[in-house]
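Notes follow once the structure below has been shown.
The values are calculated or read from the model by the stated rules, or taken from the named source; none is laboratory data. Keep in mind it's a predicted model, so treat the numbers as computed, not measured. Quick reminder, even Gly has a Cβ in these numbers, built from the backbone with ideal geometry, and neighbours come from all protein chains shown. In case anyone asks, the SASA skips ligands and DNA or RNA and just uses the protein heavy atoms, side chains included. Shrake-Rupley method; radii C 1.70, N 1.55, O 1.52, S 1.80 Å.
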There are 2 protein chains.
Amino acid sequence: MKQSIHRYKASLFKSLAHPLRLAILDALREGEKTVTQLQELTGGEQATISQHLAVLRVHHFITFRKEGTLAYYRNEDAEVYIFLDLGRQLYERQLNRHRQEIDAQVMGR
Amino acid sequence: MKQSIHRYKASLFKSLAHPLRLAILDALREGEKTVTQLQELTGGEQATISQHLAVLRVHHFITFRKEGTLAYYRNEDAEVYIFLDLGRQLYERQLNRHRQEIDAQVMGR
DNA sequence: CTCAAACATTAGACTATTCATATATTATAT
DNA sequence: ATATAATATATGAATAGTCTAATGTTTGAG
């Protein structure tokens, strides 16, 4: 049924729809990072980062390996980045459209 | 700053992260639809549909024209569909990975 | 002018997300 | 055995998103 596809797809989008999770994914573009490193790179609290990592793990965007007391997280599917980059194109076009709207309003006065 | 990009991008993803909104966008693939038609196609309540249409409008995914008492909605940026289709590929791969996980567990017993 | 149809908006209840705080857990060092 | 560092998890409060029901608005018909 189409509805269940939409439900699943929506949950996938939802799991990406958070600034900190996007920041984490971006940080992992350049390879493995520990939780502490991600904390420094993104400026989030330890617990908060762990929670967001858990969300990304459940959705198989990332995976990790333990080494001693450290946890090295890494991206699990490079295709996410194609997706995220396309998302970037999308919003850049939308920003332009938005600017044009405002310009039009200003000109119209 | 990167943070504001992540915030904006997250709000964009969030606006797509709802089953009914995805259903609406899918319904609009084949061209203009009135609110009543969208109601029939997606099975949502009138008010609910209108609210979700408003969300999609704010984010410039759709636009509309009025003709008499009818409102004809249509997609505003065809690139959304490239994006949505890529999303589909993403989750299909994840489903497969998930299935493999389960299989591995079953085999391991 | 009045009514009905199509749609939009508002208000409140309900549900889900998020964050911070506190508390586990695990591994290593002493 | 204890202490500490790194990470994870649980809990509750705050916030945001969603739905339903009711009300508004606009248009066209009669």
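Here are some notes:
- Virtual spin-label span in nm between A:TYR72 and B:LYS66, 7 Å along Cα→Cβ: 6.1 nm
- Candidate lysines - alpha carbon under 28 Å from A:LYS14, same-chain residues fewer than 8 apart omitted: A:LYS2, A:LYS33, A:LYS66, B:LYS2, B:LYS9, B:LYS14, B:LYS33
- Within chain A, DSSP assigns beta bridges of which about 100% are antiparallel (rounded to the nearest 5).
- Degrees between helix A:46-58 axis and first principal axis of chain A (Cα, 0 to 90, nearest 10): 80 degrees
- Evaluated on the protein assembly as shown, the Kirkwood hydrodynamic radius is 19.2 Å, with distances taken between all distinct Cα atoms.
- The sum of -39500 (n - 2.57) across all DSSP H runs of n ≥ 4, divided by the residue count of chain B, sets its helix-only mean residue ellipticity at 222 nm to -22500 deg cm²/dmol.
- Average accessible area per residue (Å²) across the protein assembly as shown - probe 1.4 Å, nucleic acids and ligands excluded: 57 Å²
- Considering only B:LEU84, B:LEU38, B:LEU25, the Gaussian network model of chain B with Cα springs below 10 Å gives its largest mean-square fluctuation to B:LEU84.
- Across the copies of the chain, A:GLN51 has label points (7 Å from Cα along Cα→Cβ) spaced 2.4 nm apart, shortest distance listed first.
- Helix A:79-108 vs. chain A, principal-axis angle (Cα, 0 to 90°, nearest 10): 30 degrees
- Relative to the dominant Cα principal axis of chain A, helix A:2-16 is inclined by about 80°.
- Per principal axis, descending, Cα span of chain B in whole Å: 65, 42, 23
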